[in-house]
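All remarks here apply to the structure that follows.
The values are calculated or read from the model by the stated rules, or taken from the named source; none is laboratory data. Being a predicted model, the structure only gives us computed values, none of them experimental. Note that we place each Cβ from the backbone using ideal geometry, even for glycine, and neighbour counts take in every protein chain shown.
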Amino acid sequence: MQRYVIEDARLVPPFNQPASLLTIGVKPLKIHQDDLFQEVLPPLLPRGSRQISLGGALHHPTEMKGIRGPAIVYRDNLWFDAEFLATFMRAALASKRACRAAIPGNDPAFSIYTLPLSTGFEEIFDASGKAYHMLDLWYFPAEYTDDWQPIVVDSDAEEMGFYSVPDFMTMEQGSLTHYAPGRAVISIESWVHVYYASIIFSQFGRASRFDRYVKTHNFYSLKLLWSALIEQSQLLSTREVVKVGKNTSIHPTAIITGPASIGDNCNIGPGVFIDNCTIGDNVTIDDGCCLMMSSVANGCFLPFRAALYLTAVMENTIIAQNTCLQMCVIGRNSFVGAGNTFTDFNLIEQKPIRATNINGELKEVGQVVLGSGIGHNCRIGSGMVMFPGRMIESDVVLVAAPQRRVISRNVTFEESDHHFIGGRSAHHTRHYPRNDEVDAQGDSWDSRW
């Protein structure tokens, strides 16, 4: 079987990179997709036809008409997990027809996380008036045809509370909970989607699937209990639940509860607390840091007492001491200085938070708590406070000053402090320009459709 990739060249704010190059969890989206197809598809295919080869990249939807032979076609800004892909492919292979993936519009997880801020889903209605949203994910058993049937995949989500707060903070919108999916898909068009994919769909989803498995498999529960007795540790701290890579050093006073994954060549210092996190390779987490339901990609460094709560950090980034990040996304090769606080709740307005979509429009995200998005190659000085839902564009330098210590709006590259401080000696290389700063790339993705 061949797989064809429809390339989406739009730049996702504030990173100014296509979605396929952004890190979701600890892997760039492109690598995540490559690994997933090689993992999920071969066991589902007949013997003798399990090899998955790359058929090529497509730049226009009409190019699908040239596809010959069994193929799967997908847009490269779609993030989906193994459970979603397997469910779609099982149904598609069983139908022996051309199929296209769809999600129900009333599904709690998809309606709350996948649909807000998204611009590319085609909405259709069945005979009863029920809404479905079509995904750019197709299966063709023989060759391209426009005579396909929709395969509707629901999220199988369960509601999970993530902290208790007084009623006045819920703004009459119910408890502060998330829907942890058993199957997940999202179109990456905003830093908010990176947050949903890396944290809600990955960390919460993994915890939900683990809980369900333990509840329905008695022998596995006994295995966990036996592991805890042998290792003399709590159930959620055993090697069965906490996966640790090669050459990783963990101080005896560190507390790690799972499900969790820590990569190779990491160093976890004394007094560190890690709960339901995914840590990449070559990561250093020093004394007293606290990480809860977060992901930290390869090569990152967290000095003492840094705190991450439901936050995704991309590669080679430093989160300095005493900085608190809540429900945030931090790009690669960035530095967030000491003592910064990223807030996640509107104290005065008390209404759903808005964020910028891929077209630069402010839209409600449907969340009453949400942090901020920081681009790539940023340098954030010490002692700042970031309001909820704000963005700092890639390549920005911010220095705390009396006139700007609270970041109450989005910050663009043109407002970077390196333009105004330091005189001729000031220099900060622009690595991630916007589309309007480079040569024209032709028609946009939307116009091609």
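What to note about this one:
- Restricting the range 33-84 to residues that are over 27 Å from E122 (Cβ atoms) and of a type in the set (G, A, S), the residue that is surrounded by the most Cβ atoms within 10 Å (Cβ to Cβ): S49
- Residues located in the range 269-278, provided they are in contact (Cβ under 8 Å) with a residue 24 or more places away in the chain and either closer than 16 Å to V336 by Cα or over 14 Å from the mean Cα position of the chain (by Cα) (or both): G269, N276
- Unique match (being touching an Asp or Glu at 6+ places or on another chain (Cβ under 7 Å) and touching a residue at least 12 places away in the same chain (Cβ under 8 Å)) among A57, A9: A57
- Looking only at the range 387-399, and only at residues there that are assigned to a loop (DSSP other than H, G, I, E, B) and touching a residue at least 24 places away in the same chain (Cβ under 8 Å), the one that is nearest to N357 (Cα to Cα): G389
- Here A355 passes the criteria (1) part of a loop (DSSP other than H, G, I, E, B); (2) within 28 Å of P116 (Cβ to Cβ); (3) not β-branched (V, I, T) except the one numbered (1).
- Of residues in the range 97-134 being within 20 Å of the chain's Cα centre (by Cα) and among the polar types (S, T, N, Q), the one nearest to D147 (Cα to Cα): T119
- Of all residues in the range 363-378 being surrounded by 18 or more Cβ atoms within 10 Å (Cβ to Cβ) and outside any loop (DSSP other than H, G, I, E, B), the one that is nearest to the chain's Cα centre (by Cα): G373
- Filtered residue count, the range 72-98, keeping only those that are assigned to a loop (DSSP other than H, G, I, E, B) and touching a helix residue (DSSP H, G or I) at 6+ places or on another chain (Cβ under 9 Å): 4
- Residue match in the range 20-38 (condition: at positive phi, assigned by TED's automatic domain parsing to the domain that holds S118 and assigned to a strand (DSSP E or B)): no
- Some residue of the range 224-231 being surrounded by 14 or more Cβ atoms within 10 Å (Cβ to Cβ) and in a strand (DSSP E or B): no
- Screening the range 1-15 for residues that are in a strand (DSSP E or B) and buried (at least 22 other Cβ atoms within 10 Å of the Cβ) and picking the one that is modelled with the lowest pLDDT gives I6.
- For R390, the requirement of being farther than 21 Å from Q17 by Cβ and touching a Gly at 6+ places or on another chain (Cβ under 9 Å) is not met.
- Qualifying residue in the range 45-52 (condition: closer than 18 Å to M134 by Cα, modelled with pLDDT under 95, more than 23 Å from the chain's Cα centre (by Cα) and among the hydroxyl-bearing types (S, T, Y)): no
- Some residue of the range 59-71 being assigned to a helix (DSSP H, G or I), farther than 23 Å from P433 by Cβ and of a type in the set (D, E, K, R): yes
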